[in-house]
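Presented below is the structure to which this report refers.
Every read-out reported here was derived from the displayed coordinates using simple, explicitly stated rules and does not represent laboratory data. Predicted model only: the values in this text are computed from it and were never measured. Using ideal geometry, Cβ is built from the backbone for each residue, glycine included, and neighbour counts are taken over all protein chains shown.
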Amino acid sequence: MNKQFSVPKPIYPWETLQSPFAGAFYEEENNWYDQDYQFLSKEAMARYRKMRLVDVGPYMVPAATEKDRVLHATRFAIYMTVTDDYAELLPIKEIAAFRDRIFDVMMGDDPRPEEKGIFRQMQINRKEWIALGMPDFWLERIAKNYKYRFVTDGIMEESPYKISKGIPPIPLFHLIRANSIGMIPFVDLICPSTGFALPDEIYKHTVIQRIIMLQSIIVALQNDFATIGKELAIESEIFNIIKLLQHHNKIPFDEACKEGMRIHDELVNEFVTLSNHLPDFSPYQKETEEFIYYIKQMISGLNNWYYKSGTKRYEPGGFAVPPNGKGETIDRVEIKYF
């Protein structure tokens, strides 16, 4: 490492809670890997065990004070991450088949004994959500968001660019990344964490949908800053706002960081403004405000996970290389955060 880049950390204008469950689920995590993730290579399995993905749930739903209302989110965070890592460079037809089977299981179909264990994790998650009081309309909502927003509009739109090393325009990049980051279905997890399934007429309201989209783009940009060291070392990885701004605007790295953070902060300001001016959602105004509060905690909580959890996911040799990927092919640049 003979170069060093200085990279800013995002900051948020609200207080972030600390979950009592951070670091509490490592035994469960190891059991899940041992039982249901054996389709991964031994090297990938070893790397996942160092990522502390199981702490994503506690960091992102820190207001939840009951174990079961956090554990379901930790399970989801792991199989969502594995879905992305495993599928991102597969042929589109294979991703589509994987996606369709995921949807069937999330909608209640039983995994077959010979299928990948990840489907059992999804089946267990569905049972957890039902036990936490989630109705059929919510179960269908998260299944559709996983299938269409995360996989179809996200992973499947992003994958051809990664394979061809194509360069998307920045407006399209924001939309694809908002989906591929997986936060649209992750926001759905607020409902089993609070015990209240937000009704469709509120969830589909223009303001709520814009807030959810803003959260997803903000988290995607947040991820770009946290992972830039890894992504500079992967030749096929262009889906990062800093790298794209350098390419499209012909500017040096530090200027791209400043511009990327300006875009991030502008979106945060819009998010806060809309959050402070919600429509009247009576008789569920209190529940809707709690939903927005949980979204805020998701944004800043995940930011804390990147820098405070001890994850090895973005360190050299820490990322699980997808089946058709080459991993890091360029020497690492040292990243100093400020």
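What to note about this one:
- Span per principal axis, largest first, for the Cα atoms of the chain (Å): 55, 51, 37
- Cβ-based charge dipole, the range 4-310, positive-most Cα from Ile190, Gly229, Leu267: Gly229
- Listed by number, the DSSP H helices of the chain that run 18 Å or longer by alpha-carbon position along their axis and have mean Kyte hydropathy of at least 0.5 are 206-226.
- Amide hydrogen neighbours beyond the local backbone of Phe196, cut-off 5 Å, H modeled: none
- Using the rule -39500 (n - 2.57) for each DSSP H run of four or more residues, divided by the residues of the chain, the 222 nm mean residue ellipticity is -18500 deg cm²/dmol.
- Amide H contacts for Val7 (H built 1.01 Å from N in the peptide plane; partners 5 or more residues away or on another chain; cut-off under 5 Å): Lys336, Tyr337, Phe338.
- The range 4-310 - charge dipole about Cα centre, Lys and Arg +1 at Cβ, Asp and Glu -1, debye rounded to 20: 500 debye
- Over 23 Å between alpha carbons, listed pairs Lys162/Lys308; Lys116/Lys312; Lys9/Lys296; Lys9/Lys243: Lys162/Lys308; Lys116/Lys312
- Dipole axis of the range 4-310 (+1 Lys, Arg; -1 Asp, Glu on Cβ), positive-most option in Tyr293, Phe21, Phe39: Phe39
- Eligible aspartates and glutamates near Lys50 by straight Cα distance, threshold 12 Å, same-chain separation 8 or greater: Glu29, Glu315
- Across all Cα atoms of the range 206-338, the radius of gyration (one decimal) and Dmax (whole number) stand at 17.5, 57 Å.
- Distance violations [Cα-Cα > 27 Å] among Lys93/Lys165; Lys127/Lys204; Lys93/Lys258; Lys230/Lys258: Lys93/Lys258
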